[in-house]
């Protein structure tokens, strides 16, 4: 069995969109200066040497290689998983394709820059969500779909 071709296109599209947006953000936006787009939504160029929510960002540099290796291992695992799913498992395929695209998008940043480019900032009043990017969004949506698929599978007994 193998995932439908659209899964690979979805992953590739996430990577291309993510990398293009990061390039644009890095070349147009001023560093650490929010640019208001809508209420509760800014563009804010920042770089993250850590993981989600800047976890380990202040470590001495070893985290780059750790997260690079982890991203590579996860990406390989997702590719293997995608190749083994049944064609009718569309929710699972979509979830894995989104997570894979996001993982590869951030993997490229870590490999070439040593850090991840973040540029989307959401906030409410004085509460700010940590800056993130399109790859992070794809990973988050994919994770939610993975949970939904798991609950759907459990409910139907598949």
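Within segment 39-73, being part of a loop (DSSP other than H, G, I, E, B), at pLDDT 65 or above and either surrounded by 12 or more Cβ atoms within 10 Å (Cβ to Cβ) or in contact with a strand residue (DSSP E or B) (Cβ under 8 Å, 6 or more places away or on another chain) (or both) holds for 40, 49, 50. Just one of the listed residues (130, 87) is in a loop (DSSP other than H, G, I, E, B) and under 29 Å from residue 28 (Cα atoms), and it is 130. For segment 11-23, the condition of being within 13 Å of residue 120 (Cα to Cα), out of contact with any helix residue (DSSP H, G or I) (no Cβ under 6 Å at 6 or more places or on another chain) and surrounded by 13 or more Cβ atoms within 10 Å (Cβ to Cβ) holds for at least one residue. When segment 106-127 is filtered for residues that are farther than 18 Å from residue 30 by Cα and in a strand (DSSP E or B), the ones remaining, listed by number, are 123, 124, 127.
The values are calculated or read from the model by the stated rules, or taken from the named source; none is laboratory data. Source: prediction; values computed, not measured. Cβ: placed from backbone, ideal geometry, glycine included. Neighbour counts: every protein chain shown.
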